[in-house]
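Here's the structure, in C-alpha cells; my notes come after.
The values are calculated or read from the model by the stated rules, or taken from the named source; none is laboratory data. Values in this document were obtained by computation on a predicted structure and should not be read as measured data. Using ideal geometry, Cβ is built from the backbone for each residue, glycine included, and neighbour counts are taken over all protein chains shown. Ligands, DNA and RNA are excluded from the accessible area calculation, which covers all protein heavy atoms including side chains. Shrake-Rupley method; radii C 1.70, N 1.55, O 1.52, S 1.80 Å.
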Amino acid sequence: MSSTLQCGACGARHPLAHWPLQAVRCPCGLGAVLPPAEDMVPMLSPLPPRPVPSAPPGSAWEAALGTGGGDTPGAFLLRVEAERLALPPGFDRLLSLDLVHEIEPHPYQVATALRVLREMQGRALLADEVGLGKTIEAGFIIKEMLVRGLVRRVLVLAPASLVTQWQDEMETKFDLGFRIPEDAGGWAEPLVVASIDAAKGAKNQRALLKLRHELVVVDEAHNLKNHRTQNWKLVNALRKKFLLLLSATPIQNDLMELYNLITLLRPGQLFTAGQFRAAFLDPGDPRGCRDPERLKRLLRQVMVRNRRTEVGIRFVARRAVTAGVDLEPEERRVYGLATALVRAPEFAAVYADNARLVAMAILKQLGSSTASLALTVEEKLRPRAKGGPAERGVEELAEACRGVRRVAKAERLMEVLKQDGEKCIVFTQYRRTLEMLEGRLAREGVSVAVFHGAMSRTEKDAAVAAFRADRRVLLATESAGQGRNLQFCRRIVNYDLPWNPMRVEQRIGRVHRLGQTREVQVVNLIAKGTIEAALLDLLDRKIELFRLIVGELDMILGKTRVEDELLDMVLGSKTEEEFRERMERFGDDLAGMRREYEAVKALDARLLDGAVQPADAPAGAPPA
C-alpha cells in the first residue's frame, strides 16, 4: 500500500511506496524524523465512500422522504429520549433516581451508589452503621445496573426473616419483581431473592451453580465470616461478575473474619492469609490490630462505611408506653381453659403430628381476641377432637369463647383513641380481630382505613392514600409492616404482640425510619397476667427493645428463635411460678446477647471508621 509522509516541521509531503521501517529525514534539514520521532505522520489513501442503502420500495421511510413528512413533535422528543437513554453515559449521575417511588434519597446514599459503580466496579462491602439504609443503597445499585444493561440476572441472598422484606422493598420502591423460588427451577428467574439457608441445600445449590448471575447481593454478610462454612463456599462458588456484601458489623470475633469477606470481593486485596496475619493480627488479642490505619487505607478500595455523625442523620426518639388491660371474667376463663388444654397430655395425643403448631396458634390467638380463637376452635380443633380424649376440653373452650360479650382490649383501645386526635396505625396479626375492630370503631364514629395481605396492590395503595388524607386509623395486619413508609404518622398501637420480636421491629420501622421528624409513640395493649405480658417485660427489660435503632434487633438476636423458646417454656412449665423462672433465665441469655452486640459494634467502629486514604501495602507484601 502506498502512503505519504508529511513533515511536521515544514509541511512537505513525500510519497513513499510503503510505510518506512527505518528513520526518514526530511530534506528541509529541520530534523523531522519518523520513526521514532512523531513529527512525521503517514497520509494513507482514503477509503472508498461507504454506500448508503436505499429505502425498500413501498416502505414508510420512502413515503416519508417522498412527501417531506416527519415525526410529530411528541414522537421526535420520545425518540431523542430513547437515544439518550441508549447511550452508555459515565457514572456522573444515577439514571435510576427518576425511576423510584416512596424514596427521598439522602446525598450519602447516592454518593455511595456512585462510588461503588464508578470506583469499585460493582464489588463492594457496604458497612454503614445500622439504620442508614444499606438496602436502599443496594437497591439503587441494582436498579442502575439493570437500567444501563450491565446486568440481566440478579440474586439476593438474605436471612430467612428478611426475604419477604427485601421482596417488598424492591417492588414498592424500585419496581423490581423479585421472585422467591419455590423449587429448584425457580432459581433460573432473572430476579431472585432467597434465604442463604435455602440456597445451600444440595438440590438448590446444584441449580444455582449452573447459572451465571451478573450481580449477587448478600445481606447480613457477617454470616460469611468463616471460609470453612457452606455459606462462604456457596457465595465463593457462584458464577458472578459483581458482588455486594452488606453488614454493619463485618468483624465480630477476630480480623480473619474481615479477611474472609474481602477475599470474596477481591482476592489478594489483603494479600495472602499468612501475610495478613503477619502484618495486622495481634497474637495476644484476636480482636486487636497492629496497624489499624494501614488496614483502613487498604479497605477503602472495597468498602463504604457511613456513620450517623458524619452524614448528619439524627434519629428521632421513640417512646413506648404499656396500656395494661384487665381481662373480663369471661375472657380470663377462656385464657385459663386454653392454656390448660395445650398443656394436657390428651391434647398432645390427639394432635400428635402437629401439636406444637396447633398449640402455638391457639396461644397466639389467645393474646389477640376470642373472635379469632373461636374460629380456630370451631374449624380446626372440634372436628379432630370429636370422639377423642380431648373432646371435653375443646367443647368447654368453644363454649367459653361463645360466652364472651365484652372485649376488654377493644374498650381500652377506644380510651387510647379518645385521648387526642392523633392519627395512628393499629396492628393485629389476625383478620378476624381486624374485622371485629373495624366494626367496633365504626360504631364509635371513628374513620378507618383497612390494610391486609389479601388486598391487591391497588387496594393497598388506596388504603394508604385514604389514611394519609382524612382517615383517623389504619387497621393493619403484618403486611403493612413490610415495604411501606408511613412517616406521615408517628403513633402505632400494638393491639396484640407478635412472639417474634422482629415482627415488632418491622411494625415500628414503618414510622421510625429516615425521614421521620417527630417523636415516635408506641402503645402496647397488653392483657395483664398473660404470656404476652411476660414476653413484653422480658424484651423491654433485658434488651431495651423500644430504644433500639431499626435493624439492631436482628444483630442482637442472631439466629435465636424466640417463638420456639417461648413455646417450650409455656408447654414445659407445670406452674406459673416455674414459667416465670424459666423466662427469667432466658432473659439473662438475651441480656448477654445485647452486651456482646455492643462489644462487636465498638470493635467495628474502632477498626473500620475513618478509612480515608488510598491503600498501601505492608512491607514485603506483593501488590494487590
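In region 224-282, counting only helices (runs of 4 or more DSSP H) that sit wholly within it, the ones holding 1 or more residues that are of a type in the set (Val, Ile, Thr) span 230-237, 255-265. Output the qualifying pairs, or none if there are none: Cβ atoms under 8 angstrom, residues six or more apart or on different chains, first residue in region 495-516 and over 18 Å from Gly324 (Cα atoms), second residue charged (D, E, K, R) and part of a loop (DSSP other than H, G, I, E, B). Every condition considered, the pairs that remain are Arg510/Arg484; Val511/Arg490; Gly515/Glu104; Gln516/Arg490. Against the criterion of being crowded, with 18+ Cβ neighbours inside 10 Å and of a type in the set (S, T, N, Q), Thr263 qualifies. None of Lys364, Lys386, Lys380 is open to solvent by 30 Å² or more (accessible area, probe 1.4 Å) and touching a residue at least 60 places away in the same chain (Cβ under 8 Å) except Lys364. Against the numbered list (1) modelled with pLDDT of 90 or more; (2) within 30 Å of Arg314 (Cβ to Cβ), Ile556 comes up short only at (1).
Those helices (runs of 4 or more DSSP H) of region 456-569 in which 1 or more residues are open to solvent by less than 20 Å² (accessible area, probe 1.4 Å), within 24 Å of Ala361 (Cβ to Cβ) and of a type in the set (D, E, K, R) occupy 501-509, 531-542. Scanning region 174-223 for residues that are open to solvent by 40 Å² or more (accessible area, probe 1.4 Å), assigned to a loop (DSSP other than H, G, I, E, B) and of a type in the set (Gly, Ala, Ser) yields one hit, Gly177. Across region 108-132, the qualifying residues are those that are in contact with a Gly (Cβ under 8 Å, 6 or more places away or on another chain) and aliphatic (A, V, I, L, M), and the one among them that is surrounded by the fewest Cβ atoms within 10 Å (Cβ to Cβ) is Val130. Going through (1) of a type in the set (Ser, Thr, Tyr); (2) open to solvent by 50 Å² or more (accessible area, probe 1.4 Å); (3) at pLDDT 85 or above one by one, Thr72 falls short only on (3). Can you say whether Leu337 is assigned to a helix (DSSP H, G or I) and over 30 Å from Leu607 (Cβ atoms), as far as the supplied structure shows? Against the criterion (assigned to a helix (DSSP H, G or I) and over 30 Å from Leu607 (Cβ atoms)), Leu337 qualifies. The number of residues in region 389-438 being basic (Lys, Arg), out of contact with any Cys (no Cβ under 6 Å at 6 or more places or on another chain) and assigned to a loop (DSSP other than H, G, I, E, B) comes to 3.
Among residues of region 133-147 being open to solvent by 10 Å² or more (accessible area, probe 1.4 Å) and not hydrophobic (A, V, I, L, M, F, W, C), the one that is farthest from the chain's Cα centre (by Cα) is Lys143.
Yes/no per residue for (1) touching a His at 6+ places or on another chain (Cβ under 9 Å); (2) under 19 Å from Ala602 (Cα atoms); (3) modelled with pLDDT of 90 or more; (4) polar (S, T, N, Q):
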{"residue": "Arg287", "(1), (2), (3), (4)": "no, yes, no, no"}
{"residue": "Arg290", "(1), (2), (3), (4)": "no, yes, no, no"}
{"residue": "Glu293", "(1), (2), (3), (4)": "no, yes, no, no"}
{"residue": "Leu299", "(1), (2), (3), (4)": "no, yes, yes, no"}
{"residue": "Val302", "(1), (2), (3), (4)": "no, no, yes, no"}
{"residue": "Arg305", "(1), (2), (3), (4)": "no, yes, yes, no"}
{"residue": "Ala320", "(1), (2), (3), (4)": "no, no, yes, no"}
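Here Glu438 fits the description: closer than 13 Å to Leu413 by Cα and either free of Cβ contacts under 8 Å to residues at least 12 places away in the same chain or among the charged types (D, E, K, R) (or both). Only a single item in (1) without any contact (Cβ under 8 Å) to a residue 24 or more places away in the chain; (2) touching an Asp or Glu at 6+ places or on another chain (Cβ under 7 Å) is not met by Ser447, and it is number (1).
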